[in-house]
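Below is one structure, written out as structure tokens; the observations come after it.
Each value in this text was obtained by applying a stated rule to the coordinates, not by laboratory testing. Keep in mind the model is a prediction, meaning the values are calculated, not measured.
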Amino acid sequence: TAGGHPLGQDERIPAERALRLYLGSANDPGGPPRCIAAGEAADLILCEGPAEAILADLCADRVRATVVAGDVVFNRA
């Protein structure tokens with residue numbers, strides 16, 4: 001909120017669980033994670049730091065690059 005108070009605290013889920021929901025296909029959120037393979041278009045975000053630190057402090061400053069359908073759409077040089 002504008003006053004800095006979180007909404008829906010009882011509806012929150014841990015960051016790791018939220019991330020897992022995005023790892024499956026769009027037709028099966030939360031399903032088996034997709035794999036990067038030759039010939040497949042990549043959708044991924046590259047972050048700086050260990051996974052535990054990233055999940056404990058989700059902030060855009062950690063994002064180094066974003067790839068959508070195999071194209072780099074953001075690159076923090």
| Working out 0.36 nm times the residue gap between residue 1 and residue 64, then minus their Cα-Cα distance, what length gain in nm do you get to one decimal? | 19.9 nm
| Given H placed on each backbone N at 1.01 Å, which residues far from residue 74 in sequence or on other chains put an amide H within less than 5 Å of it? | 66
| request: Quick one: what are the phi-derived ³J(HN,Hα) couplings along the range 60-77, Karplus 6.51/-1.76/1.60 with θ = phi - 60°, whole Hz, x for glycine and proline? | output: 5, 4, 7, 6, 9, 7, 10, 10, 10, 6, x, 9, 6, 9, 8, 8, 8, 6
| request: Tell me which residues come under 5 Å, amide H to amide H, from residue 47 once H is placed; ignore anything under 5 positions away on its chain. | output: 64
